[in-house]
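The next block holds one structure in the form of structure tokens; read it before the comments.
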There are 2 protein chains.
Amino acid sequence: MPATQLTLTALRGIKLVEPGDDLGSITVDAFTANALAPEDGDVLVVAQKIVSKAEGRYVDLATVSPSDQAIALARSLDKDPQFVQVVLSEARRVVRHRPGLLIVEHRLGFVMANAGIDHSNLPSAEGGERVLLLPKDPDGSARRLHEHLAGALGAKIGIVISDSFGRAWRKGTVGIALGAAGLPALIDMRGRPDLFGRALQVTETGFADEIAAAAGLVMGQADEAVPMVLVRGLGWSAPELPAAALVRPAEHDLFR
Amino acid sequence: MPATQLTLTALRGIKLVEPGDDLGSITVDAFTANALAPEDGDVLVVAQKIVSKAEGRYVDLATVSPSDQAIALARSLDKDPQFVQVVLSEARRVVRHRPGLLIVEHRLGFVMANAGIDHSNLPSAEGGERVLLLPKDPDGSARRLHEHLAGALGAKIGIVISDSFGRAWRKGTVGIALGAAGLPALIDMRGRPDLFGRALQVTETGFADEIAAAAGLVMGQADEAVPMVLVRGLGWSAPELPAAALVRPAEHDLFR
């Protein structure tokens, strides 16, 4: 049963996260600071960047030796060879490239620009530029936060770790779910009747992706620092599935 | 400035829309019935189906003569030749097909399954099956509703006409914007500083698509009839752009 009313609330005043910070404690503190008392069925959307930062997923570009492949590709892309090397190290394959654009299949299956690595909103390390990789296991990160909050607050709070993705055929980025726990990232509608009792043609909905996109409206993308958004009012009856369920296997993608 | 709090409210009790119905009056009545008083800056998300129904975009499959191309394609897809003919009539080109799946570029540029035509949630016409096309001009439909509401309610209410789309590399459908008026469907972030004062790498956000995805969480997709959702709390400073701005021109798509 979908919500009659859905409320998304920005968690403000979250400190800049550093490697080794405990995301669970930061989250509990953020709820307190924002006078929020999360309940069973609430969903917390967490920006990928602060998860990666807490997990220390930085790479100092000065320490990277680009391969011949990275050097050649960087030249054709007009990008930095060290940066391209880091992207390739996170990728299974290059999907498309042209000057300024490098779309890869990330080792976790996400098809995305630059393997999700970027320079923005990152303080420079002393004397060098550092970049931030995606979390090693975003579903695992979401699961740990879900369990931490269950212990600390006594509530089952769904977790979505979000990022902004470009799309093949549409302009502009939208929020998507890199990781999820405690909710069905994908909902199978097969067999459910439509308004007239027929079986539905649309068989699966990207529930966690829609949640991440909704949170994107509150997070903003530029100089506003809203890395967490609490969503209240969602309902679901489908079984829990991680965000990995949202990745279309390469052999089923719409281009083969 | 993104919202601190965003509220999405389902408009319930909307009657089944018939060809020739006035969507403007239906909307005003729905606000009243749901005790909602929309304000400047609110956004109303309207499901494509009720817009198409009001515009009478039905095709009776019994009246369709399939071309040789449609017959051959239908055989390879294991679909109905008349249905395939209607899809082709709405399409610029076939993007991909395989048994059970027909992805086309719609005449409006949307890359989507079956040109957005489906059978679900449609009452059968007497003695035959009818299908429903997308609105002829979704941005125009949104504009008309925007202007009707400005006249009737004295408020500037953004309009998004939404549909559910599959994605190339991800499973599950998500809400997207087919039409928009009174808001920036696409927001250009170029030149905006990030938290550390650098120019952003992500340059455009699919604002109306994120709004449509958020509304999808409230609309549901099966036997729940929530064809309108009111979104309150969004803020924007970017210039208005129609949903056509979200269509990546074919010559720029990520597969050429």
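The values are calculated or read from the model by the stated rules, or taken from the named source; none is laboratory data. None of the values given here were measured: they were computed from a predicted structure. Here the Cβ positions follow ideal geometry from the backbone for every residue, glycine too, while neighbour counts run over all protein chains shown. Quick note on the areas: whole protein, heavy atoms, side chains included, nothing else; ligands and nucleic acids left out. Shrake-Rupley method; radii C 1.70, N 1.55, O 1.52, S 1.80 Å.
When the other protein chains are added to the chain by itself, burial of at least 30 square angstrom of heavy-atom accessible area (probe 1.4 Å, ligands and nucleic acids ignored) affects these residues of region B:1-46: B:Met1, B:Pro2, B:Ala3, B:Thr4, B:Gln5, B:Leu6, B:Thr7, B:Leu8, B:Arg12, B:Leu16. Per residue, the accessible area of chain B comes to 39 Å², computed with a 1.4 Å probe over protein heavy atoms only.
With a Förster radius of 60 Å applied to the beta-carbon distance between A:Glu129 and B:Asp60, the computed FRET efficiency rounds to 0.45.
Considering only protein heavy atoms and a 1.4 Å probe, what is the carbon-and-sulfur percentage of the accessible area of the protein assembly as shown? Walk me through the numbers before you get to the answer.
Values: 10140 of 19950 Å².
Reported share for carbon and sulfur atoms: 51 percent.
Placing pseudo-labels 7 Å out from each Cα toward the beta carbon at A:Asp137 and A:Ala250 gives an inter-label distance of 2.2 nm. Distances from A:Val94 to itself in the other copies, using label points 7 Å out along the Cα-Cβ axis, amount to 3.2 nm in increasing order. Extension gain for B:Ser237 to B:Asp29 (0.36 nm times residue separation, less C-alpha to C-alpha distance): 71.9 nm. Rolling a 1.4 Å probe across all protein chains gives A:Arg92 an accessible area of roughly 140 Å². GNM remark for chain A: springs join alpha carbons under 10 Å apart, and the peak mean-square fluctuation among A:Ala91, A:Ala177, A:Ala72 falls on A:Ala72. Here's the list of lysines a cross-link from A:Lys49 could span, going by alpha-carbon distance under 29 Å and ignoring same-chain residues fewer than 8 apart: A:Lys15, A:Lys79, A:Lys136, A:Lys156, A:Lys171, B:Lys171. Computed over chain A, the alpha-carbon pair-distance distribution with 10 angstrom bins reads 7, 29, 34, 21, 8, 1, 0, each value a whole percent. Computed over chain B, the per-residue total of -39500 (n - 2.57) for DSSP H runs of n ≥ 4 gives a 222 nm mean residue ellipticity of -8000 deg cm²/dmol, rounded to 500.
Each distinct pair of alpha carbons in region B:1-118 adds a 1/r term; the inverse of their mean, the Kirkwood radius, is 17.0 Å.
When Rg and the Kirkwood radius Rh are both evaluated on Cα atoms of region A:58-132, their ratio Rg/Rh stands at 0.95. So what does log10 I(q)/I(0) come out to for region B:1-42 at q = 0.13, 0.14, 0.20 Å⁻¹, using the Debye formula with one equal point on every Cα and no solvent? Taken in order of the listed q values, log10 I(q)/I(0) reads -0.37, -0.43, -0.73. Each label point was placed 7 Å from the Cα along the Cα-to-Cβ direction; for A:Glu18 and B:Arg190 their separation is 3.8 nm. Considered as an equivalent ellipsoid built on the Cα gyration tensor, the protein assembly as shown has semi-axes of 37, 28, 21 Å, the largest given first. Inter-copy label distances for B:Gly56: 6.9 nm (label point placed 7 Å from Cα along Cα→Cβ; shortest first). For A:Arg190, the label point sits 7 Å beyond Cα toward Cβ; its separations from the matching points on the remaining copies run 4.6 nm, from shortest to longest.
Take each residue of peptide A:88-96, count the partner chain Cβ atoms within 10 Å of its Cβ, and average: the result is 1.
When accessible surface is computed with a 1.4 Å probe, chains A and B are found to bury approximately 7600 Å² between them, both chains counted. Each label was represented as a point 7 Å from its Cα along the Cα-to-Cβ direction; for A:Ser76 and B:Asp68 these points are 4.1 nm apart.
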